[in-house]
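What follows is a short report on a single structure.
The values are calculated or read from the model by the stated rules, or taken from the named source; none is laboratory data. Everything numeric in this text was worked out from a predicted model, so none of it was measured. Here Cβ is always computed from backbone atoms with ideal geometry, including for glycine, and neighbour counts include all displayed protein chains. We work out accessible area using only protein heavy atoms, side chains counted, and drop any ligands, DNA or RNA first. Shrake-Rupley method; radii C 1.70, N 1.55, O 1.52, S 1.80 Å.
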Amino acid sequence: MHVFKATIGTGDGAVAVLVAQHSAGQSLEALFETLYTDHADARQQAACTIVRPDVRDRFTPDELADTAGGAGTASPFLNALRDALATPRLAFARMPDTPIAVLFTSGEALHLSENINPEGVATPFSARDLDETTVLAALRERELACLVEHSRALLPMIPGSFYRAPSNRLARAFLRVGNIQYSRHAIDAVCFWLLPHMRDCAAILVDTWSISSIAFDLAGLVGDARGTAPLPVEMLSQYQDASPERMALAAEALDRLSAELDARLPDGEPEGPIRVACILSATHSGSLVEVLGELVEMSGFQLDLSYVAIFQMGADLGLPSLSDISGTPEFRPLDSGEDQGRTIVEIDPRSYFPLTHNDVELIVRIRHAQAAKTFIETFPNPGIISLHRDHRTDGPTRHHAVHLDTAMLARSQPFREGFAAKLRELTPRPSLVITPLHTAAHELGTLAASILSEFGPVEHFEHSTLVLQDVGPNRDSDMALRKAIEGLAPEEALLILDDAFITGTRMSNYQGRLRAMKCRARLHYHVAIARPPNMANWRNAKSMLGWRDPAEAVPFARNTVDATYELCLPNWQERDCPWCAELLIYDNLVARGIELPPFFGSRRRRLVEAKDAGLIQDALLQDGFTDPLRLERGSIFAPPEASQAAVFAAVASAFQTMRTVPESDIPPLGPRRHPLSTVLRATDYLLDTFTDSIVRAAFLRTAAPDELVYATSEKEADRQVLITDIVANGAGHVCDLGHELILASALRKGELSQAAKEVLRRHAGRREALDLLIR
């Protein structure tokens, strides 16, 4: 299902929404169930859900309004809505109190409805002075951005290099628009936003064959809406640079289009120029408009070209566009002389693909590792951080590759001092504390009530969802909590307290329920530790949770959102956990009938058992004849007494920071995005910078294959030479990395060279590992 998130508006008035595509034949109950189960985090963070019917499913605003009265219709979506409204408590059960709007097309006009959920509240747009035009523009921009992100259509900035576009213009980045056509839903999405630009147009001309799927789909949609055959489509074969050869090819395309339009006219010659939608995949200077205009004028074609760009990269062009990206860092104009000494990546004018590939080596700096090191130094207890552990709370059990024991954290003196200082700063002092129903939250709630009660009475309630029932076994406690919430005056405050922020789902859920209960008090949201995979998510959540309706923003304009500690960590569950990946290797071998040697059988059992308490000092794979890997002094990641789990967490935090925190002229660490490969500099962790085997092992465990393996074979061969030197080194504190190197190769993080394998086979334990894991 095609789903995307968007933020409408800016600052305090911003609204988070979730947009979902409805398919013909799908019930709304089924759609909402999918959002509930597969998109829980995005759904609960959104203040409104927007449903968009299939672009072929057209109806008027009046027909949508009539559906509430049970009127029949030929529209698949309206039929689904009519069925849902017949049993609203069942159909909308997964979306309690959630406003649901409909984004739809009527002919070639776009509309956004008011709330259609009988169980929901009004859509939040009018309360924030956001009109339909503003909302539609924000949704369009965000959906186009999502299509670029999902398709990897943006070839990113490369340090020391510029792209030479088919226009011969140098650019920091290059957008290959054709890539956004990665699914039928993606193509339909672009066509949906192009429909308003098709008014009175009789044909379509596109600037490149690479967006032909969009052109033909749009031609069929418009023809179907008008009750005619699909509109004629023509395209330019390659970039138009105004050379005689390409001008001739463009003239041929216009001649073919004119001939097809003439053939469709019932009475011969048209009375005036025929309007043609000219869709530009992307425009930077608008030069194509001038070239085509000259061709039409010189050749006498009876065509009136109406231009629209899917992406606009140059400012002040005077052309309508679906997405203006001219202000982004990637498309900032080059300064005079900035191209001197730069490597040029050539873009083929026919395929729009780059002709070379670049490896960019990234270096781990102190700034990437500082936050985690400070946390580990503040909380040296080795049990606070563990790895490969199941986390059981009042919700579903979740697996954490990196687990922070927040209950243990809450009992430590440094935390209690920092936590108390944060609570004493809250204004006004909360008289009501609400926490979820799990151990760490209970301890935090008890501690918070104790601290706050120094200044007056405080009630502490525990509830995981704030879905308060007036029937059932929890009726009395639920009703007592509702009374306490609704009894708070605007000048009073309520503290929502939890142990951790990872995705923000629970906090957003609380916010929605409190909004539905019309809580008037100032809300203080606080977590013991914010540990999102991207600190931008935390900043965004602080903005969203802090917003107050203007009608309630007296005497306090904002809610407060804070954490006692903040740390960027990957949110890896079973699919991404490095120890689950290791365990899967052993499980697959056993499933194939292969008996594990005693050492690996014991290791497999340990990985299974560790899900209850986690791995702390035995996280890394070593044979039984070497001392456990440990950290020496002077590391940028952790103090020397840190556990294996803490060292791994520190390296994981540094890498996650490199993946998610933008840095000027440095691409983020992550998957290959042709023609760019971002890899960790091999000499840093295999030669002379990070020489502790425990740090080297953490690099191998934490980094993805694309972050370790060079794209160019020559550089990867050099990396393998460094690996061979390590396993051939006679010093025990160097070659003790052997098992982790073998495991990394088994996990497709670089095929070991034949020379490395020969050296490994000279040691009985490593030979056993090599024969078992690399078959």
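Here are a few things to note about the model shown:
- Available extension along the chain between L596 and T60 is 186.3 nm, counting 0.36 nm per residue and deducting the alpha carbon span.
- Part-to-part distance (alpha-carbon centres) for the stretch 389-442 and the stretch 6-42, which is given in Å: 29
- At full extension, R367 and T446 could sit 24.8 nm farther apart than now, given 0.36 nm per residue minus the alpha carbon distance.
- Efficiency of FRET from Cβ geometry, E566 and R342, R₀ 41 Å, rounded to 0.05: 0.65
- Cα-based Rg of the stretch 495-654 normalised by 2.2 N^0.38 Å, two decimals: 1.45
- Size descriptors for the stretch 87-181, from the alpha-carbon set: Rg then Dmax equal 20.0, 61 Å.
- Solvent-accessible area, 1.4 Å probe, carbon plus sulfur percent, for the stretch 601-691: 53
- Whole-number percent relative contact order across the stretch 642-775, with pairs defined as alpha carbons under 8 Å at least 6 apart: 20
- Axial C-alpha extent at least 27 Å, average Kyte-Doolittle at least -0.5 - helices from the chain (DSSP): 132-151, 244-264
- The stretch 315-412: proportion of alpha-carbon pairs further apart than 20 angstrom, %: 71
- Size of electric dipole in the stretch 660-775: Cβ of Lys, Arg +1 and of Asp, Glu -1, about Cα centre, debye, nearest 20: 440
- Listed residue pairs exceeding 32 Å between alpha carbons, taken from K611/K749; K373/K757; K373/K611: K373/K757
- Ranking by accessible area, most exposed first, for K542, K373 with a 1.4 Å probe: K542, K373
- With the simple model of a label 7 Å out from the Cα in the direction of the Cβ, A421 to A251 spans 7.7 nm.
- Residues in the stretch 7-23 reached by a label modelled at D549 [backbone nitrogen below 17 Å; 7 Å Cα→Cβ]: 13-16
- Extension gain (nm, one decimal) between E758 and T87, 0.36 nm per residue minus Cα-Cα: 234.6 nm
- The calculated FRET efficiency for the pair S351 and D262, based on their C-beta separation and a Förster distance of 35 Å, comes to about 0.60.
- Across the chain: Cys residues that no other cysteine approaches within a C-beta distance under 4.7 Å: C48, C146, C191, C201, C278, C519, C568, C735
- Carbon/sulfur fraction of accessible area - the stretch 97-216, other protein chains in place, 1.4 Å, %: 50
- Here the simple spin-label model places points 7 Å from the Cα toward Cβ, and for A480 and V661 these points are separated by 4.5 nm.
- The stretch 284-346, accessible surface, carbon-and-sulfur percent (1.4 angstrom probe): 46
- Here T626 and R605 are evaluated by their C-beta separation; at R0 = 22 Å the FRET efficiency comes out at 0.60.
- Cα principal axis extents for the stretch 160-283, largest first, Å: 60, 38, 18
- Largest-first principal axis extents of the Cα set of the stretch 647-730 (Å): 41, 31, 19
- Relative contact order (%) - the chain, alpha-carbon pairs under 8 angstrom, separation at least six: 10
- Note on the stretch 619-675 and the stretch 74-142: Cα centroid distance 46 Å, given to the nearest whole angstrom.
- Solvent-accessible ranking of S323, S450, S664, largest area first, probe 1.4 Å: S664, S450, S323
- Solvent exposure of the chain, expressed per residue, is 43 Å² of accessible area, with all protein chains present and a 1.4 angstrom probe.
- Considering all different alpha carbon pairs of the stretch 1-132, the Kirkwood hydrodynamic radius works out to 14.9 Å.
- In terms of accessible area, using a 1.4 Å probe and ignoring ligands and nucleic acids, K757, K422 rank largest first as K422, K757.
- Based on alpha-carbon atoms, the Kirkwood radius and the radius of gyration of the chain give Rg/Rh equal to 1.01.
- Paramagnetic reach from K518 in the stretch 448-470 [backbone N under 19 Å; point 7 Å along Cα→Cβ]: 467-470
- Set of aspartates and glutamates near K542 by C-alpha distance (under 15 Å), chain-local residues within fewer than 8 positions excluded: D12, D498, D562, E566
- Toward the positive end of the charge dipole of the stretch 417-547, with +1 on the Cβ of Lys and Arg and -1 on the Cβ of Asp and Glu, the farthest Cα among G456, I529, S543 is that of S543.
- Positive-end extreme of charge dipole, the chain - chosen from L78, P555, A101 (charges on Cβ): P555
- Test item: Cα-centred dipole of the stretch 75-152, Lys/Arg +1 and Asp/Glu -1 on Cβ, debye: 280
- Estimated dipole of the chain in Debye, rounded to 20 [Cβ of Lys and Arg +1, of Asp and Glu -1, Cα centre]: 2380
- Here K518 is the anchor, and the lysines within straight C-alpha reach of less than 16 Å, apart from those fewer than 8 places off in the same chain, are K483.
- Considering only alpha-carbon pairs that sit under 8 angstrom and 6 or more positions apart, the relative contact order computed for the stretch 247-313 is 44 percent.
- Of F599, Q622, C568, farthest towards positive along the dipole that unit charges on Lys, Arg, Asp, Glu beta carbons give the stretch 538-624: C568
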